[in-house]
Amino acid sequence: MTNSPFRRMTEAPDFWRLWYVGLIVATVRWIETVAVGVVVYQRTESAFLVSMMTMLRLLPMGLFGVLLGALAERFDRGRTLLIVVLLMSVTSVVLAVLDRTGQLEIWHLAVASFINGCGWCTDNPVRRVMIGEVVGREKMGTAMSLDVGANNASRMIGPTIGGFLLAGAGIQGAFILSVLMYCTALWAIFAVSSRIPRTADSGAVLARIAEGFALVRTDKRLIGVLVVTVIYNIFAWPFTSMIPVIGLDRLHLGPEGVGLLSSVDGIGAFAGALLAALWLTPKWYGRTYLCGVVCYLIAVVIFALVQSPALAGAALLLTGLAGAGFATMQATLVYLAAPPDMRSRILGILTVCIGTGPIGFLWLGWLADRIGAHNATALTAALGLLAMAATRRWWKDI
């Protein structure tokens, strides 16, 4: 018992503070994603616009991921994290006030989604690098398992809370709760005692970015991880934006039911992350990463085609388990492969690959308006499986 991963982490209390910040920010993201998705669909009846709300949260990753990864090396990461969470809390305050005064429009939700996406794309080069520095290289795999577990727990409770709040208090209630939760995250950031040193001076940002890309081109492991990340974010992850649409139209659920259905994915992911934290060893990191993507895509096809809420829930449970393996290993593999002084830059490049998601969201939203959300979701996931097969020569060395 004394050697358990959880017990070893008690030696790094700042890890748990940073872990809590990640849990809160992710939970708020899911509360607002479900609430915004349902409201947008009820007002517009457009699956495309629902997909665009989630896409806008991902767009900053592709636009600014590399730049933020390089800039993160020049600033105090603790202060940067504080500013980011404060900005997102202010956004929720503004939305709550707009709804309270009857002025909330779809474009307000779109702008807020983009702003929060800017905050989200700092997570890898700022908060997760802080976690790595706090726990050390040898504990990074366990730390990421626990961090991904928190993220997945948010997917378990966030959609449920969002659905019930939307049904009982309207979208204003979701935003008010978001503000209160952000306040607790700000307190946790203030309590972090470790000071992570800057790893770069005020030298040319573009030169450091070029250095990062040069390293990636020479490392087969990094190339493989990034290629698979792109496939996941174009063909797999976008299906989450269709859960409210499929839940409402195909499975005939209400807001509460949609929230509960969305949370099943989080239940599976939370369980998967805990299993990874307890038993996953380094020799299985690469296999877990790859198998997670393949199983995830297969489960998405099943979810899209079944018409029973129970079977759809079972498929989402499988996406959660598989996604946990992928998500846990994604940042871990990159962190372990990158030199210490370049981790923020390489994680910034990873963030850009995650930021290819808007391509998938645009495609899926456009296709859903033409052939139906469930058909578009199944077809997109099937294309993802074909993409994995076609790119094997790049990821086989992971």
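Values quoted throughout were computed directly from the atomic coordinates according to the rules given, and no laboratory measurement underlies them. In this text, all values refer to a predicted model and were calculated from it rather than measured experimentally. Don't worry about glycine lacking a Cβ; one is built from the backbone with ideal geometry, like all the others, and counts go over all protein chains shown.
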Value of relative contact order over the chain, rounded to a whole percent, pairs C-alpha under 8 Å and six or more apart: 30 percent
Restricting to DSSP H runs of at least four residues, report the calculated mean residue ellipticity at 222 nm for the chain, -39500 (n - 2.57) per run over all residues, nearest 500 deg cm²/dmol. -27000 deg cm²/dmol
Highest to lowest packing among 321-330, 225-234, scored as the average C-beta count within 10 Å: 321-330, 225-234
How many angstrom lie between the C-alpha centres of segment 239-278 and segment 58-130? 24 Å
Over the chain - Rg/Rh using Cα atoms and the Kirkwood inverse-distance radius: 0.95
Positive minus negative residues near Leu316 (Lys, Arg vs Asp, Glu; Cβ under 13 Å): 0
Provide the three semi-axes, in whole Å and in decreasing order, of the ellipsoid equivalent to segment 223-273 as defined by the square roots of 5 times the Cα gyration tensor eigenvalues. 27, 15, 5
Take the alpha carbon gyration tensor of segment 342-398, find the square roots of its eigenvalues, order them as a ≥ b ≥ c, and report rounded if a/c is under 1.5; if not, report prolate when a/b exceeds b/c, else oblate. oblate
Just add up the charged neighbours of Leu165: K/R +1, D/E -1, any other residue whose Cβ is under 14 Å from the Cβ of Leu165. -3
Cα gyration tensor, segment 32-148 - rounded (a/c under 1.5), prolate or oblate: prolate
Taking the simple approach of a point 7 Å from Cα along Cα-to-Cβ for both Leu383 and Arg221, what is their distance in nm? 3.3 nm
Assign unit charges at the C-beta atoms only (+1 for Lys and Arg, -1 for Asp and Glu), then state the dipole size of the chain relative to its Cα centre in Debye, rounded to the nearest 20. 920 debye
Quick one, could you list the DSSP H helices from the chain stretching 24 Å or more along their long axis (Cα atoms) with average Kyte-Doolittle hydropathy of 0.5 or above? 13-44, 47-71, 77-100, 140-191, 255-279, 285-305, 309-337, 373-390
Which residue, chosen from Val94, Tyr285, Ala387, occupies the Cα position most advanced towards the positive end of the dipole of the chain, where the dipole is computed from +1 (Lys, Arg) and -1 (Asp, Glu) charges on Cβ about the Cα centre? Tyr285
Give me the net charge of Val85's neighbourhood, meaning all other residues with Cβ under 13 Å from the Cβ of Val85; Lys, Arg count +1, Asp, Glu -1. +4
Paramagnetic reach from Thr101 in segment 31-68 [backbone N under 15 Å; point 7 Å along Cα→Cβ]: none
Of the residues His108, Thr122, Phe164, the Cα lying farthest along the dipole of segment 90-176 towards its positive end, which is defined by charges on the beta carbon of Lys, Arg, Asp and Glu, belongs to Thr122
Percent relative contact order of segment 51-194, based on C-alpha pairs within less than 8 angstrom and at least six residues apart? 40 percent
Kindly identify segment 26-90 as rounded, prolate or oblate by the Cα gyration tensor criterion: order the square roots of the eigenvalues as a ≥ b ≥ c, call it rounded if a/c is under 1.5, otherwise compare a/b with b/c, prolate if a/b is larger, else oblate. oblate
Ranked on Cβ counts within 10 Å of their own Cβ, fewest leading, Ser46, Ser89 go Ser46, Ser89
Taking only C-alpha pairs under 8 Å that are 6+ residues apart, what is the relative contact order of segment 39-128 in percent? 49 percent
